[in-house]
Amino acid sequence: MTTYRIEEDCLGQIKVKADKYWKSQTQRSLENFKIGQELMPKSLIHSFAILKEACAKANLHFNKISEKQCEAIVEICQRIENGQSLDQFPLHVWQTGSGTQTNMNANEVISMLGNEYAKENILHPNDTVNASQSSNDTFPAALHIMVAQKINEELLPRLNQMIEQIKKLEEENEGIIKIGRTHLQDATPLYFSQELSGYRSMIEHSKDQI
């Protein structure tokens with residue numbers, strides 16, 4: 001039998017499953033945007049945790065939150081960064097606004113888990129976890145963090161593999177002459193290794209630009 005608790009906000013009361021660590025705004029998004037199957041990527045949630053941890057440390061520095069509040073936020077963010085509690089982020093990519101609902105999903109989950117960690121009610125989703133922040137800032141920032149991580153962890157290593165493989169092909173095909181083609185007519189002959197080096201150079205220049 002499913003049990004529920006009642007969450008309340010300025011729009012009134014709403015039922016949330018008792019075992020969930022989110023509050024009213026996440027639940028309202030779930031109910032109002034039942035569109036598609038695509039959830040917010042786990043890599044974006046990971047990036048939100050990095051962002052919220054950094055914001056907590058900044059807010060502590062500027063005396064916006066207490067050391068105890070900061071400790072609780074940082075602890076939960078690091079757990080999320082390590083892959084814990086990802087099932088508490090159920091929202092679809094199809095939603096309104098500037099990512100507000102995903103930002104608030106993160107705030108709600110971090111506050112509830114943080115209060116459980118602290119064993120007292122010291123975190124508020126908006127006033128504490130989201131202190132000094134706006135969805136207009138946090139969502140683009142989290143996207144930038146996600147893209148930077150994807151570039152460094154996935155894209156650049158793959159490009160390096162391609163570059164090394166083409167270098168190997170250049171060595172294997174050194175001295176082989178082929179006919180260059182321009183609009184299907186015979187053109188200047190060139191070494192096949194030269195053609196391959198052009199491909200490699202294009203990837204290397206793109207990598208430098210990235």
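None of the figures in this text is laboratory data; all of them are computed from the coordinates on show. Treat the numbers as computed from the prediction; the structure is a model and nothing was measured. All Cβ positions, even for glycine, are placed from backbone atoms using ideal geometry, and neighbour counts span all protein chains on display.
Couple of notes before you dig in:
- For the stretch 171-190, filtered to residues that are out of contact with any helix residue (DSSP H, G or I) (no Cβ under 9 Å at 6 or more places or on another chain) and not polar (S, T, N, Q), the residue that is farthest from Val147 (Cα to Cα) is Asp186.
- Among the candidates Ser85, Ser47, residue that is surrounded by 15 or more Cβ atoms within 10 Å (Cβ to Cβ), among the hydroxyl-bearing types (Ser, Thr, Tyr), in contact (Cβ under 8 Å) with a residue 12 or more places away in the chain and within 18 Å of Met112 (Cα to Cα): Ser85
One line per residue, one yes/no per condition, for (1) in a helix (DSSP H, G or I); (2) in contact with a Gly (Cβ under 8 Å, 6 or more places away or on another chain); (3) at positive phi:
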{"position": "Ala141", "(1), (2), (3)": "yes, no, no"}
{"position": "Lys150", "(1), (2), (3)": "yes, no, no"}
{"position": "Lys167", "(1), (2), (3)": "yes, no, no"}
{"position": "Glu171", "(1), (2), (3)": "yes, no, no"}
{"position": "Ile179", "(1), (2), (3)": "no, no, no"}
{"position": "Pro189", "(1), (2), (3)": "no, yes, no"}
{"position": "Tyr199", "(1), (2), (3)": "yes, no, no"}
{"position": "Ile203", "(1), (2), (3)": "yes, no, no"}
{"position": "Ser206", "(1), (2), (3)": "yes, no, no"}
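- Elements of the type helices (runs of 4 or more DSSP H) sitting completely within the stretch 3-108 and holding at least 1 residues that are over 15 Å from the mean Cα position of the chain (by Cα), closer than 20 Å to Leu123 by Cα and charged (D, E, K, R): these cover 42-61, 67-81.
- Members of the stretch 106-131 that are more than 17 Å from Ala58 (Cα to Cα), charged (D, E, K, R) and surrounded by fewer than 19 Cβ atoms within 10 Å (Cβ to Cβ): Glu116, Lys119, Glu120
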